[in-house]
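Here is the structure we will look at.
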Amino acid sequence: MPTGKEHTTKKILRRLLQLVALLITILYYPIVMGFVEDEYSTVVCSDVDPIIIGNNDDVLISGNELNKIVSKSFPDIKGTKLCEINLNEIEQHIEQNTAVEKCECYSTPGGVIHVKVQQRKPIMHVFTKESSYYMDSNGFRIPVRNDTRAHALVVNGNVGTMLDVDDLIKLCKFIKEDDFWKAQIEQVYVTDKTEYILVPRVGDHVIELGGIDRLEEKFELLNRLYTKGWDKKEWNLYKKVSLKYRGQVVCTKK
C-alpha cells in the first residue's frame, strides 16, 4: 500500500506530465497552422462546384447557370490562389439573382470552390395580362424563363390591380401546407371585388371562397362536404359551391 509520500510524488509527476503535454500542444498548434497556411497560400482554384438546395421538382436556377454567372462575373477565378479570392463578394453577387434566397461559398484543400445556393420556394404561379411570374411566401417575385419550372398554385384574374397581396399569400400558403388541399386545389381566381374562387382538380364545380376570413372554418366545411356529404355520383352534378356564408355550404346544381 503506497505511503503518503509516494502518493504525493505520483500526484506531482502526473501534473508535470499534464503541463508538458499542454506545452507541446501550445507549441505544436501554431507550427502546424503555419504549415497549413503556407500550403493554402499556394493552392489555386481548380474548379467551381455548384450545389442547388431545394425541392428537386422545382428548378429556378440550374448548376450550369450558376457556373455561367461565376465565370462571367469572375472570369479569372480558375487559376487564382484561393487566398486571393473574395468568397463574400461571390455570395453577394449571386444573391442578387431573383431565384436565389441565400448563397454560401467555401473552398476545400483540393482547390475546389463550392457554391451552395438555396432556391426560393414559390407558392404561386401568377398570370396577369402583361406577364407571368412566381411568388414566394415573402411576396418576392421570380420571373419565369423557358428553363424554369416549379409546382405552385396557378393564380390569375385581377391580381395585377391588387395593392396588397398579403391575403392572397396567406390563402396560397394555407393550401400549399396542407397535403389534402395541395392535391385538390389547382387554381385560385381573384375577382374584381378581391374575392377568391378556387378551381379543384376533381369535379366540374368551382368553389366560391369569398374573403379569407374564417379560412380554417370554410375549408373544414368543404372537407366535410367532400368526405361525408357527396357520394361519388354527386361530384359532377354541381357547378358551384359557396362558402361565403357563415356556417353554410351552398351548392348550386348545373
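Being under 10 Å from Ile207 (Cα atoms) and touching a helix residue (DSSP H, G or I) at 6+ places or on another chain (Cβ under 9 Å) is the filter here, so list the residues in the range 231-248 that pass it. If the condition is that a residue be under 10 Å from Ile207 (Cα atoms) and touching a helix residue (DSSP H, G or I) at 6+ places or on another chain (Cβ under 9 Å), then Val241, Leu243, Lys244 are the ones that fit. Within the range 190-205, the set of residues being within 15 Å of Leu153 (Cα to Cα) and open to solvent by less than 50 Å² (accessible area, probe 1.4 Å) comprises Val190, Tyr196, Ile197, Leu198, Val199, Pro200.
Given the options Pro75, Pro109, Pro143, name the one that is in contact (Cβ under 8 Å) with a residue 60 or more places away in the chain and either over 23 Å from Val43 (Cβ atoms) or loosely packed, with under 15 Cβ neighbours inside 10 Å (or both). Talk me through it step by step, then tell me what you get.
Working: Pro75 fails: in contact (Cβ under 8 Å) with a residue 60 or more places away in the chain; Pro143 fails: in contact (Cβ under 8 Å) with a residue 60 or more places away in the chain.
Checking each option against the conditions leaves just Pro109.
Scanning the range 229-244 for residues that are at pLDDT below 90 and outside any helix (DSSP H, G or I) yields Trp230, Asp231, Leu237, Tyr238. Answer yes or no as to whether Phe180 is open to solvent by less than 70 Å² (accessible area, probe 1.4 Å) and part of a helix (DSSP H, G or I). In short, no.
Given the structure, is Ser46 over 24 Å from Pro122 (Cβ atoms) and either surrounded by fewer than 18 Cβ atoms within 10 Å (Cβ to Cβ) or modelled with pLDDT of 90 or more (or both)? Criteria met by Ser46.
Across the range 153-164, the qualifying residues are those that are open to solvent by less than 30 Å² (accessible area, probe 1.4 Å) and modelled with pLDDT of 90 or more, and the one among them that is farthest from the chain's Cα centre (by Cα) is Val155.
The values are calculated or read from the model by the stated rules, or taken from the named source; none is laboratory data. Just so we're clear, the structure is a prediction, and the values are computed from it rather than from any experiment. Glycine also receives a Cβ, built like all others from the backbone with ideal geometry; neighbour counts cover every protein chain displayed. Calculation scope for accessible area: heavy atoms of the full protein, side chains included, ligands and nucleic acids excluded. Shrake-Rupley method; radii C 1.70, N 1.55, O 1.52, S 1.80 Å.
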